[in-house]
Amino acid sequence: MSCIEHKTTPSSLNGEAGRDHNPFDVMEPRAPLKTPVDRKNGKHVKANDIPPQGVYLPNNNILAPHMKSPEYVQLSTAAAITLGIMGGRMYGCECTRCLNLLLTYPEGCRANCAYCGLARHREAERDYADRNFIRVDWPAVPMADIIDIVARDAENSPFHRMCVSMITHPRSEQDTFAVLKQWTDRIDPNAIPVSILSNPTTMTRDDVQRTKDLGADIFTVALDAATPELFDRTRGKGVQSPHKWSKYWDIMLEARDIFGPQKFGAHIIVGMGETEYEVLNLIQELVDLGGHSHMFCFFPEQGSLMDHLPATPRDQWRRVQLARYLIDYRDARVEQMRFDDLGRVTDFGVADAELADIVDEGIAFRTSGCPGKFQDDISACDRPYGDSPPSDIASYPFQPKKKDIKRIRKQLDIPVTVE
Ligand code: SF4
């Protein structure tokens, strides 16, 4: 029996209104408002004819309609700092290990996912190039400039991986191929492997194959919601968005076929209204298929349709993080775990000593994602503070220190034994 079997319900540490998890009925997105005609499809940006001039920092407010992929991409603030394109420092990290790129267009993403800062409804109040995404700004930069910097010494680059994030847009596939080709023409994918974060809604099997043929190493699907019902509520009909759960699964299974074991996976946001049992079952299903799960802790993104809702309480998040790590990397199975009547983990089904070691090791609580060059269970994609502020870290973008482990143990309601 595990030392952290809860004889009673799990304790409540961080939740709003005394909750230790985010239940389905609380996590209702608000309805999108109508966009004024003069702002639809980036109309007022396109009405200008200002040529782009190098790097565009968010809120420059230069309406440059030609700043679009494949010539331009947006990149995370962490990647821009690491490349030397932006100044700044990140708490606890010298750099990021993943160069996260995002396709960009003046009309932006055409989907309307409720938790996302890039969603279509935001065209009413914010130009696409200025929208926050996973809590940070994404400057727009010429792709050729990025490649020039990295190609100077790809072998010794701080980046262990590059990732192209597709968005929902009619040009998304062809521009992903173009960005990928520009990259692999100059940078050996063995020196810096490439991942694709796909947009299945507009993709075919041939498109998946093409990314592989052009040198991609891992293909992931941003499932994001953990159940079909939640998916529909947050990214489908519920918010006038085009995505379908079944299509996401179809493309993920094509990726499994084309990329092979351990080279495909799904992104999942924890705490949008699913139970811990539901999300861990999904994680088990992905492992049984030969893939991986990359997890995000729900954070109410400013300007999104869920910005009024509570972030995932840390105790719920830690339980799922730990259980997911056990399933993904330590051969534990969801069937060995125990859950209460609200679907919360009450027993991880792992021996006391082993569980204590895994908690103290800290890797389970680091950001999860595609692997880098350190070891398989350490993600290159560290997304510094993409799902929490540094004052209350959800996914650690660095190796948790002793004081962090003490805090994690408290959040998990495990006696603190670390010196
Ligand atoms: S498809 Fe992706 S980028 Fe577009 S709104 Fe949905 S989550 Fe955001």
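The values are calculated or read from the model by the stated rules, or taken from the named source; none is laboratory data. This structure is a prediction, so every number in the text was calculated from the model and none was measured. Note that each Cβ is placed from the backbone with ideal geometry, even for glycine, and that neighbours are counted across all protein chains shown. Just the protein is used for accessible areas: all its heavy atoms, side chains included, with ligands, DNA and RNA removed. Shrake-Rupley method; radii C 1.70, N 1.55, O 1.52, S 1.80 Å.
Things to note:
- For segment 178-275, GluC sites (Glu not before Pro) are listed when DSSP marks them as loop and at most 12 other Cβ atoms sit within 10 Å of their Cβ; the list is empty.
- When the charge dipole of the chain is built from unit charges on Cβ atoms (+1 for Lys and Arg, -1 for Asp and Glu) and taken about the Cα centre, the candidate among I414, P58, F339 whose Cα reaches farthest toward its positive end is P58.
- Rounded to the nearest 20, the size of the Cβ-charge dipole of the chain about its Cα centre is 940 debye, with Lys and Arg at +1 and Asp and Glu at -1.
- Fraction of accessible area attributable to carbon and sulfur, segment 302-419 (%, probe 1.4 Å): 49 percent
- For the listed residue pairs K34/K247; K244/K410; K212/K373, the alpha carbons are over 31 angstrom apart in K244/K410.
- Over the chain, dividing the summed -39,500 (n - 2.57) contributions of all DSSP H runs of at least 4 residues by the number of residues returns a 222 nm mean residue ellipticity of -8500 deg cm²/dmol.
- The chain - percent relative contact order, Cα under 8 Å, separation 6 or more: 19 percent
- D376 contributes an accessible area of around 120 Å² to the protein surface, as traced by a 1.4 Å probe with all chains present.
- Residues in segment 281-361 average 33 Å² of solvent-accessible surface per residue, probe 1.4 Å, ligands and nucleic acids excluded.
- Qualifying trypsin sites (Lys or Arg not before Pro) in segment 57-161, DSSP loop, other Cβ atoms within 10 Å at most 13: R89, R152
- Heavy-atom accessible surface of segment 39-96: percent carbon and sulfur, 1.4 Å: 50 percent
- Taking only the Cα atoms of the chain, the radius of gyration and Dmax are 20.8, 67 Å.
- Counting only protein heavy atoms and using a 1.4 Å probe, the accessible area of I378 comes to about 20 Å².
- Average accessible surface area per residue within segment 138-242, 1.4 Å rolling probe, Å²: 36 Å²
- Charged neighbours of I62, selected by a Cβ distance under 13 Å, balance to -3 (K, R count +1; D, E count -1).
- Relative counts (whole %) of C-alpha pair distances in segment 323-402, using bins that are 10 Å wide: 17, 42, 35, 6, 0
- Relative protection proxy for 344-355, 76-87, 261-272, from highest mean packing down: 261-272, 76-87, 344-355 (other beta-carbon atoms within 10 angstrom).
- Accessible-area value, Y115, 1.4 Å probe, nucleic acids and ligands omitted, Å²: 20 Å²
- Normalised by the number of residues in segment 234-361, the average gap of Cα pairs under 8 Å and 6 or more apart makes the relative contact order 21 percent.
- Across all directions, the average projected area of the convex hull around the alpha carbons of segment 124-205 is 6.8 nm².
- About its Cα centre, the dipole of segment 324-382 is roughly 240 debye, where the only charges are +1 on Lys and Arg Cβ and -1 on Asp and Glu Cβ.
- With semi-axes defined as the square roots of five times the eigenvalues of the C-alpha gyration tensor, the equivalent ellipsoid of segment 199-326 measures 25, 18, 12 Å, largest first.
- For the peptides 164-175, 308-319, 38-49, the ranking by packing is 308-319, 164-175, 38-49, with the highest mean count of neighbouring Cβ atoms within 10 Å listed first.
- Based on the convex hull around the alpha carbon atoms, segment 42-156 presents an average projected area of 7.7 nm².
- Of all the options P51, P106, P189, the one that moves most in a Gaussian network model of the chain with Cα springs shorter than 10 angstrom is P51.
- Summing charges over all other residues whose Cβ lies under 9 Å from the Cβ of C381, with Lys and Arg as +1 and Asp and Glu as -1, gives +2.
- Cα-centred dipole magnitude for segment 307-419, charges only on beta-carbon of K, R (+1) and D, E (-1), debye, nearest 20: 380 debye
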